[in-house]
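The values are calculated or read from the model by the stated rules, or taken from the named source; none is laboratory data. All figures in this text were calculated on a predicted structure; none of them were measured in a lab. Note: ideal-geometry Cβ built from the backbone for every residue, glycine included; neighbour counts use all protein chains shown.
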């Protein structure tokens with residue numbers, strides 16, 4: 001019933017939001033004689049803020065048209081590679097009419113970015129995608145809004161998520177012969193399960209597996225997100241946050257965790273910060289600070305756009321990851337597409353290098369939660385495992401923004417290139433990676449880091465360590 005009430009309220013507020021937008025434009029129109037008065041500017045700013053607070057936010061576009069590759073503009077064509085009922089495998093294909101650039105593009109490694117299915121759309125990783133397109137062929141999992149998926153398309157469980165990831169990995173391996181996987185936040189757990197199951201069966205696994213800010217072991221440094229999941233019972237979640245989609249949507253009747261409830265939870269984590277941000281937006285409108293107001297709009301166009309999650313998937317994630325800790329306890333069984341149930345055994349992973357990334361100030365996945373993957377993947381040699389802690393970075397800072405571009409990405413691209421097929425590595429024309437020698441001259445090399453104490457790393461904002469397979473991280 002709550003879902004229907006919310007939709008009714010949204011429908012009622014929509015025309016008022018449009019009216020507020022029109023009034024804001026009227027009072028700020030230069031042809032209006034009153035537009036230059038201080039009162040008119042404040043009235044316009046107030047209406048603009050009212051419009052932003054009341055409007056309906058739809059799924060944003062990635063909007064990546066070009067990227068710079070070695071100072072050359074490369075065109076980007078976005079297309080759907082695989083269309084599943086609950087997810088699209090989206091490819092960002094690069095085009096260039098420069099022969100040398102085209103040759104280099106073809107030789108670069110392919111990366112599957114597994115986006116989180118935890119409330120926001122995959123476009124939240126726009127900066128991640130755009131940055132990685134400079135040096136990689138990029139694919140991303142673009143999860144669909146469950147309220148738009150008809151009941152005839154069946155149910156969606158956590159096991160289905162894992163099966164999707166395996167299918168996408170196999171597709172890229174069949175196309176290119178190999179691939180690398182990067183998972184951000186929530187998907188770190190199902191991605192580890194997917195690769196573990198492939199390794200246990202003797203299948204070919206990705207060359208590298210990078211996990212960024214995810215709840216591998218949610219018992220470590222628990223955050224408010226973890227505490228909510230542990231303090232409430234499974235039945236509480238099922239009875240209080242699960243609703244059926246109203247009849248106005250294609251997925252009418254589907255049980256979901258509604259996006260508007262998730263958004264309420266996001267805002268409730270930092271209400272003061274959001275209130276201040278909106279007030280600053282109001283003041284910037286009055287001052288005419290176009291750069292600041294546009295930055296506010298872009299952020300909240302993304303942040304306020306949320307999707308519904310299928311109830312089965314959501315509830316199983318709560319139980320598996322945050323209540324029973326099945327991955328770290330070694331009790332997780334997954335049902336494959338063939339109906340066969342298999343145990344998740346991360347220790348079976350041997351041919352996939354592992355990199356974990358954490359933010360020092362992450363308030364969603366606490367310190368140590370992602371690094372726990374290092375202990376679980378004991379079959380991966382110590383020289384093939386790396387951990388990066390980014391000083392001063394919060395959750396979003398490790399995959400978006402300045403710290404992502406200047407600190408995390410340079411380390412990530414070195415890690416991937418150091419595990420690229422040797423036959424193709426010279427064609428990549430990326431200089432930072434040095435060949436391992438007795439006394440490496442290039443201290444930024446991934447191999448050099450293995451022999452250099454942490455205090456010798458030039459960038460003080462980074463803590464990079466290689467994890468010993470025989471010792472806990």
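Data table
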{"read-out": "Unmet requirement for residue 19, which otherwise passes all of (1) more than 30 Å from residue 76 (Cα to Cα); (2) in contact (Cβ under 8 Å) with a residue 12 or more places away in the chain", "value": "(2)"}
{"read-out": "Scope the range 331-348; condition in contact with a helix residue (DSSP H, G or I) (Cβ under 9 Å, 6 or more places away or on another chain), assigned to a loop (DSSP other than H, G, I, E, B) and exposed (fewer than 15 other Cβ atoms within 10 Å of the Cβ); matching residues", "value": "336, 337"}
{"read-out": "Residue selected from the range 198-217 under the condition surrounded by fewer than 18 Cβ atoms within 10 Å (Cβ to Cβ) and part of a loop (DSSP other than H, G, I, E, B), by the criterion farthest from the chain's Cα centre (by Cα)", "value": "202"}
{"read-out": "Number of positions in the range 371-414 that are farther than 24 Å from residue 136 by Cα, part of a loop (DSSP other than H, G, I, E, B) and touching a helix residue (DSSP H, G or I) at 6+ places or on another chain (Cβ under 8 Å)", "value": "5"}
{"read-out": "Output for the range 270-282, where each listed residue is in contact (Cβ under 8 Å) with a residue 12 or more places away in the chain and more than 17 Å from residue 21 (Cα to Cα)", "value": "277, 280"}
{"read-out": "Residue 305, sole failed condition from (1) surrounded by 16 or more Cβ atoms within 10 Å (Cβ to Cβ); (2) within 20 Å of residue 164 (Cβ to Cβ)", "value": "(2)"}
{"read-out": "Residue among 141, 128 that alone is in contact (Cβ under 8 Å) with a residue 40 or more places away in the chain, surrounded by 23 or more Cβ atoms within 10 Å (Cβ to Cβ) and outside any helix (DSSP H, G or I)", "value": "141"}
{"read-out": "Selection count where residues are in a loop (DSSP other than H, G, I, E, B) and surrounded by 15 or more Cβ atoms within 10 Å (Cβ to Cβ), scope the range 308-330", "value": "2"}
{"read-out": "Single residue of the range 15-71 satisfying the filter (touching a strand residue (DSSP E or B) at 6+ places or on another chain (Cβ under 8 Å) and within 16 Å of residue 301 (Cβ to Cβ)) that is modelled with the lowest pLDDT", "value": "57"}
{"read-out": "Failed criterion for residue 53 (all others in (1) surrounded by fewer than 17 Cβ atoms within 10 Å (Cβ to Cβ); (2) free of Cβ contacts under 8 Å to residues at least 60 places away in the same chain hold)", "value": "(2)"}
{"read-out": "Exclusive hit being part of a helix (DSSP H, G or I), surrounded by 19 or more Cβ atoms within 10 Å (Cβ to Cβ), in contact with a helix residue (DSSP H, G or I) (Cβ under 7 Å, 6 or more places away or on another chain) and modelled with pLDDT of 95 or more, set 195, 189", "value": "189"}
{"read-out": "Matching option when the condition is under 28 Å from the mean Cα position of the chain (by Cα), over 16 Å from residue 127 (Cα atoms), at pLDDT below 85 and surrounded by fewer than 16 Cβ atoms within 10 Å (Cβ to Cβ), among 381, 421, 426", "value": "421"}
{"read-out": "Filter result (within 21 Å of residue 397 (Cα to Cα) and in contact (Cβ under 8 Å) with a residue 24 or more places away in the chain) within the range 287-310", "value": "297, 300, 301, 302, 303, 304, 305, 306"}
{"read-out": "Top-ranked residue of the range 91-105 - restricted to ones that are in contact (Cβ under 8 Å) with a residue 12 or more places away in the chain and part of a helix (DSSP H, G or I), ranked as surrounded by the most Cβ atoms within 10 Å (Cβ to Cβ)", "value": "105"}
{"read-out": "Helices (runs of 4 or more DSSP H) enclosed by the range 218-275 - at least 2 residues per element that are closer than 20 Å to residue 365 by Cα and not assigned by TED's automatic domain parsing to the domain that holds residue 144", "value": "259-269"}
{"read-out": "Residue, nearest to residue 396 (Cα to Cα), within the range 242-260, restricted to residues that are touching a helix residue (DSSP H, G or I) at 6+ places or on another chain (Cβ under 8 Å) and without any contact (Cβ under 8 Å) to a residue 60 or more places away in the chain", "value": "257"}
{"read-out": "Any hit, the range 63-73, residues being assigned to a helix (DSSP H, G or I) and closer than 20 Å to residue 409 by Cβ", "value": "no"}
{"read-out": "Answer residue from the range 349-363, given it is modelled with pLDDT of 90 or more and not in a strand (DSSP E or B) and is nearest to residue 389 (Cα to Cα) among those", "value": "360"}
{"read-out": "For residue 43: the one exception among (1) in a strand (DSSP E or B); (2) surrounded by 16 or more Cβ atoms within 10 Å (Cβ to Cβ)", "value": "(1)"}
